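> Can you read through this structure? Questions will come right after.
The values are calculated or read from the model by the stated rules, or taken from the named source; none is laboratory data. Predicted model, so just to flag it, every value in this text is computed and none were measured. Heads up, the Cβs are rebuilt from the backbone with ideal geometry, glycines too, and the neighbour counts pull from every protein chain shown.
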Amino acid sequence: MSTPEPTLIASDEVRARIDNRIGYIELNRPQALNALSLPMIRAMHAALDAWRDDPQVLAVFVRSLHPRAFCAGGDVRFFYEAGRVGDVAARDAFFTHEYALDHAIFTYGKPYFALMDGIVMGGGMGISQGAHRTGGLRIVTEATKMAMPETRIGLFPDVGAGWFLARTPGALGRYLAVTGATIDAADALYAGLADAYLETSRIGSLIEALATAPLAESADVLACVERFVSRTAPSGAREVAPGLAVARSLASMRPWIDRHFAQSDVAGIVASLDAEKEPDARDWARETIRAMRECSPLSMAVSLEVVTRAEGPMSDCLRRDLDLTRSMFDHGDVIEGVRARIVDKDDSPVWRIARIEDVTRAEVEHMFVSSWTPDTHPLRELNG
């Protein structure tokens, strides 16, 4: 059995260590469902930097130390308070560091494995989806609940998620971005937002196997993981919106989603859903409209545009995400959305534009105007 090497970085919220030539990043903020704080983001990035050129580290494995959540997002209360008091520098610093970490993962030169057990939302997508590009795997379990639910709080699917959503089959990415629908492991695999499935009962055995396997190169790590995972997952109940569970899979809803969410704007999507005549699809269409009516109209319009514009490299997407965080705080609904959903919990946000049908193209375009020039952008160094 291998002898664990000393912990590289130790803190109350994240632990980075090396064991048997694998770098482990273990999230440990259970009271906040591992929502990413700025110290966590910095610690993760420091570990990746330290291991990038270390020949003794063959791969990186990120996981939660607690079963309920992999990562429920970013530290919403932190950037809410920063935005509420007008601390633009603190807010910009949070998102700049978070997106730089997401890009580091996306472009990492060693296999990066993300065990997405439990809740995976917002920032949790940012620290997991890039594994697909590194030769590693995005691993889901029967406990996985995955979503980008930002339109409910007046934000948008950031952390480069637009890049991945734009590359899902048909109009699935547009549907997930606008509605914030929560999906399970089987749906994540179908949508191309996960690569492999692992029963939670086998997680301990996988970690033990990785600790004892003879590992000479990165391919050996992948081979070891492959012995435990499968490419399919059992189907279960799915949520298409908070509090709404249905028995249908994304695959079964795909014709409806493609038909309605291919419309050019959110008002067109709602009109299309409202006109649905197919008996099996009618109830789904009504519930989808109901869920959308609870979200910020401006945020949904921006989210749809984020997916539409995500054809370029990830670096461009992340720079655009940072631009949008400025706009959404300055001209959008973030402060009000977080207040209503998370802080006061009255669940009665007063959106700046109340009706989906009243969001204009000019309003959407205005949100994408950058506060920086290309030479002064905080993420100008990102490439690829």
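> Just to be sure I understand the filter: pairs with C-beta atoms under 7 Å, separated by 6 or more residues or on different chains, first member in segment 257-285 and in contact (Cβ under 8 Å) with a residue 12 or more places away in the chain, second member surrounded by 17 or more Cβ atoms within 10 Å (Cβ to Cβ) and not in a helix (DSSP H, G or I). Which pairs pass?
Short answer, once both residue conditions are applied: 257/171; 258/171; 261/171; 262/171; 266/359; 269/263; 272/263; 285/276.
> Let me ask something else. Filter segment 170-199 down to the residues that are crowded, with 24+ Cβ neighbours inside 10 Å, in a helix (DSSP H, G or I) and not small (Gly, Ala, Ser) and list them by number.
Once the filter is applied, which keeps residues that are crowded, with 24+ Cβ neighbours inside 10 Å, in a helix (DSSP H, G or I) and not small (Gly, Ala, Ser), segment 170-199 yields 172, 174, 175, 176, 178, 179, 187.
> Any idea how many residues of segment 144-163 are more than 9 Å from the chain's Cα centre (by Cα) and closer than 21 Å to residue 252 by Cα?
Going through segment 144-163 one residue at a time, the tally reaches 2.
> Mind listing just one residue for me: the one in segment 343-362 that is under 25 Å from the mean Cα position of the chain (by Cα) and touching a residue at least 40 places away in the same chain (Cβ under 8 Å) and, of those, nearest to residue 327 (Cα to Cα)?
Only one residue fits best here, namely 351.
> Pairs under 6 Å by beta carbon, first residue free of Cβ contacts under 8 Å to residues at least 60 places away in the same chain in segment 152-172, partner part of a helix (DSSP H, G or I), six or more apart or different chains?
Taking only residues 6 or more apart or on different chains, the pairs are 161/125; 164/129; 168/191.
> A further question follows. Run down 202, 167 and say which single residue is at pLDDT 95 or above, among the charged types (D, E, K, R) and in a loop (DSSP other than H, G, I, E, B).
That would be 167, the only listed residue that is at pLDDT 95 or above, among the charged types (D, E, K, R) and in a loop (DSSP other than H, G, I, E, B).
> Is there a residue being loosely packed, with under 15 Cβ neighbours inside 10 Å, hydrophobic (A, V, I, L, M, F, W, C), at pLDDT 95 or above and touching a strand residue (DSSP E or B) at 6+ places or on another chain (Cβ under 7 Å) anywhere in segment 63-70?
Yes, segment 63-70 has at least one match.
> Just to be sure before I move on: is residue 16 within 20 Å of residue 144 (Cα to Cα) and at pLDDT 95 or above in the structure I sent?
For residue 16, the condition - within 20 Å of residue 144 (Cα to Cα) and at pLDDT 95 or above - is not met.
> Please go through segment 286-310 and give me each residue that is crowded, with 20+ Cβ neighbours inside 10 Å and either hydroxyl-bearing (Ser, Thr, Tyr) or over 24 Å from the mean Cα position of the chain (by Cα) (or both), ordered by number.
Matches in segment 286-310: 288, 296, 299, 303.
> Does residue 242 satisfy the criteria of being closer than 30 Å to residue 338 by Cβ and modelled with pLDDT under 95?
Considered against the rule, which asks whether it is closer than 30 Å to residue 338 by Cβ and modelled with pLDDT under 95, residue 242 comes out as yes.
> Quick check on residue 70: is it over 28 Å from residue 291 (Cβ atoms) and part of a strand (DSSP E or B)?
So residue 70 does not fit the description; no.
The rows are residues; the columns are (1) closer than 20 Å to residue 11 by Cβ; (2) crowded, with 17+ Cβ neighbours inside 10 Å; (3) not charged (D, E, K, R).
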site	(1), (2), (3)
50	yes, no, yes
57	yes, yes, yes
112	no, yes, yes
122	no, yes, yes
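> Also, quick follow-up: Of the residues 297, 378, 279, which is in contact with a helix residue (DSSP H, G or I) (Cβ under 6 Å, 6 or more places away or on another chain) and over 19 Å from residue 162 (Cα atoms)? Show your work before the answer.
On the way: 297 fails: over 19 Å from residue 162 (Cα atoms); 279 fails: in contact with a helix residue (DSSP H, G or I) (Cβ under 6 Å, 6 or more places away or on another chain).
378 is the lone residue from the list that is in contact with a helix residue (DSSP H, G or I) (Cβ under 6 Å, 6 or more places away or on another chain) and over 19 Å from residue 162 (Cα atoms).
> So if I check each of 321, 316, 330, which one is crowded, with 22+ Cβ neighbours inside 10 Å, charged (D, E, K, R) and more than 24 Å from residue 251 (Cα to Cα)?
Working: 316 fails: crowded, with 22+ Cβ neighbours inside 10 Å; 330 fails: crowded, with 22+ Cβ neighbours inside 10 Å.
Of 321, 316, 330, the one residue that is crowded, with 22+ Cβ neighbours inside 10 Å, charged (D, E, K, R) and more than 24 Å from residue 251 (Cα to Cα) is 321.
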